[in-house]
Every structure is written in C-alpha cells, then in structure tokens.
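Every number here is computed from the coordinates shown, using simple stated rules; none is lab data. Predicted model only: the values in this text are computed from it and were never measured. Neighbour counts are summed over all protein chains in view; Cβ atoms, including those assigned to glycine, are modelled from backbone coordinates with ideal geometry.
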Amino acid sequence: LYHTICATFDESAKLKKDVSKSPGNSQPDLSELKRMANGDPAFVEEMICIFLDSSQSSVQLIDENLKTKNYTAIAELAHKLAPPLKYMNTTGVYNTAKELENLANDGTQTEKINHFTVRLKTELETLNTQLKKVLEENTD
C-alpha cells in the first residue's frame, strides 16, 4: 500500500510539473504548405480552411470520446491531426497531438489523457486564431 501511495503521489507531481510547462509553438510557419502549393494562394487558403474545420470537429469528437473513455477513437483523431500540424511547422502542437495519440493508444493513464486533451484543445484554439488572422490578412 505504501508503494502504491508513493507511486501515485510521484505520478501526480510529474503531471503537475508538466502542466506548468508553457504550451508548444502554435505560431504557424506556412512555408512548407506554400511550397506544396507552388505559389497558389487559393490552395493555401483552402488547406487552412479545411484544417480549421477538421480541427474544430476533431476537438469536439475527442471530447465526446473522452466522456465515454473511447481511447482508441481519441488516438485515431489525434493521429489525423498530426500531419497538417507538421506541414505548418507547429512542432509544439504536433508533439502534443502525438503524445495524446500514444497515451490514448495505451489507455492506462487516464489522468494524463485528460491533461493532454485539454492541452491540445488550448493549443489548437491558439493556432486556429493565428490561422484566421492569416486568412484575414490575405483577403484584405
């Protein structure tokens, strides 16, 4: 019992330490996306719009699956978010999505899954705000 209590407190301390870290880089660098678009601004705009829609939908589905403890679905959703995050060079948000994917695949560390779900939502909100500004700047 003593070892279980100590392990629980140790895990809780690690989680609190992780929570205090600032969120990852959510400032998009669209150079890779622009390179893939061969200079077509309409393509870049379309990809940003698709990402905005899909990321908002994914966050909503992650929340729903978290309530039902469907960790497999959470892992799949986090996995689908990763490639566009990588193309936008948002390494911190990408790392958060991959960590959530790995934790959800394991399915045993529910407290960490909850933490990384909240963290991913926060980072995506910040990223989406930045992307909306990019769209506004390009339409002005």
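Details
- Gyration tensor verdict on the stretch 85-133 (Cα atoms; rounded if a/c is under 1.5, prolate if a/b is larger than b/c, oblate otherwise): oblate
- Inter-label distance for Ala37 and Ser57, nm, one decimal - labels placed 7 Å from Cα along Cα-to-Cβ: 2.1
- Length available on full extension from Gln109 to Glu125: 0.36 nm per residue minus the Cα-Cα distance, which gives 3.3 nm.
- For the peptides 72-82, 46-56, 127-137, 99-109, the ranking by packing is 72-82, 99-109, 46-56, 127-137, with the highest mean count of neighbouring Cβ atoms within 10 Å listed first.
- Measuring how big the stretch 69-111 is from its alpha-carbon positions, Rg and Dmax come out at 10.4, 31 Å.
- Using a cut-off of 18 Å between Cα atoms, the listed pairs Lys34/Lys98; Lys34/Lys133; Lys34/Lys86; Lys98/Lys132; Lys34/Lys121 include Lys34/Lys98; Lys98/Lys132; Lys34/Lys121 as exceeding that distance.
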